[in-house]
1. Give a quick list of trypsin sites (Lys or Arg not before Pro) in region 23-70 that DSSP marks as loop, anything other than H, G, I, E or B, with at most 15 other Cβ atoms within 10 Å.
2. In a Gaussian network model over the chain where Cα atoms closer than 10 Å are linked, find which of Leu36, Leu192, Leu124 has the largest mean-square fluctuation.
3. I need to check one value: relative contact order of the chain, counting alpha carbon pairs closer than 8 Å and at least 6 residues apart, in percent.
4. For the chain, set up a Gaussian network in which alpha carbons nearer than 10 Å are linked by springs, and say which option among Arg180, Arg155, Arg228 fluctuates the most.
5. Quick one: accessible surface of Glu117, probe radius 1.4 Å, all protein chains present, in square angstrom to the nearest 10.
6. Residue by residue through region 90-105, which ³J(HN,Hα) values in whole Hz follow from phi under the Karplus form 6.51 cos²θ - 1.76 cosθ + 1.60 (θ = phi - 60°), with glycine and proline marked x?
7. Grab the Cα-Cα distance for Ile69 and Leu50, subtract it from 0.36 nm times how many residues apart they are, and report the gain in nm with one decimal.
8. Between region 16-73 and region 134-154, how many Å separate their Cα centres?
Amino acid sequence: MPVIAFVNPKGGAGKSTSAVVLATELAIKGAGVVMLDADPNRAITQWSKLAGCPPSISVVSTVSEATIIDEIDRASASQPFVVVDLEGTASMTVAYAISRSDLVIIPIQGSQLDAKEGAKAITLIRQQERAFGKTIPFSVLFTRTSSAIIPRTLRHIQEQFINNAVSSFKTQLHEREAYRALFSFGGTLESLNSKEVSGLTKAIENARAFTAEVIGHLRECSEIQSQRKAKSAEVVYK
Ligand SMILES: Nc1ncnc2c1ncn2[C@@H]1O[C@H](COP(=O)(O)OP(=O)(O)OP(=O)(O)O)[C@@H](O)[C@H]1O
Ligand SMILES: [Mg+2]
């Protein structure tokens, strides 16, 4: 079952936040999700210990370089979705997770420095593709962007990615208090109190659009893979 890893060697890019947003929205849609917390800071584990973690999400908190491949394989055999949160560095753990992923999401904030760190994540993915002789789908997710304006810097970065044939999500995870609140109050966006957290409805809409795009992406990737397999079978059985 699909393994989705959040990767960016830059700390604070929005990996853990986007991972929780995706996992909780998938859970609300009724899917079982395993979250692998592969960051020694254990942000996901801390979130899961707060009230309101959906019962269909299980969190594995003991993931390390030595165990990550086994944990990913075990999780993907048991639940429809596996979401892997990684540390903000380029380690062997990150490389192993990339090699086992059906989709790598690279959260980046809209500055040139962040784009440079995002490019390092892409280099790491391409190294793993070469090492394992397979395509590893990935897409950039712009995080903490303004819902009101697209600054010139962000537009410039988007153009750079397009020119380099780097795919990015149409949906951006905007800067919203609600996403921060998940780590204070726990649970899901839907379980937060709109009297305590501003802009909740917009945050939920934004999270749902992101989740729908991830699912669309995974579908596309699996169709492309099936077509590739059918083509190789044609070659073999000709
Ligand atoms: N869309 C968002 N809206 C508002 N705040 C956000 C958003 N995304 C992330 N943040 C905030 O930015 C900070 C960094 O986010 P987060 O912890 O998700 O990044 P990270 O990539 O997991 O960092 P690390 O590499 O240290 O694990 C946190 O304080 C988080 O609350
Ligand atoms: Mg994190």
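1. Filter output for region 23-70: Lys29.
2. It is Leu192.
3. Relative contact order of the chain: 24 percent.
4. Comparing Arg180, Arg155, Arg228 in a Gaussian network model of the chain, the most mobile one is Arg228.
5. Surface accessible to solvent at Glu117 totals approximately 40 Å².
6. So the J values, rounded to whole Hz, are 9, 10, 4, 4, 5, 4, 4, 4, 4, 5, 9, 8, 8, 8, 9, 9.
7. 4.1 nm
8. Value for the Cα centre distance between the two parts: 23 Å.
The values are calculated or read from the model by the stated rules, or taken from the named source; none is laboratory data. Just so we're clear, the structure is a prediction, and the values are computed from it rather than from any experiment. Every residue, glycine among them, receives a Cβ derived from its backbone with ideal geometry; neighbour counts consider all protein chains shown. SASA here: full protein model, heavy atoms, side chains in, ligands and nucleic acids out. Shrake-Rupley method; radii C 1.70, N 1.55, O 1.52, S 1.80 Å.
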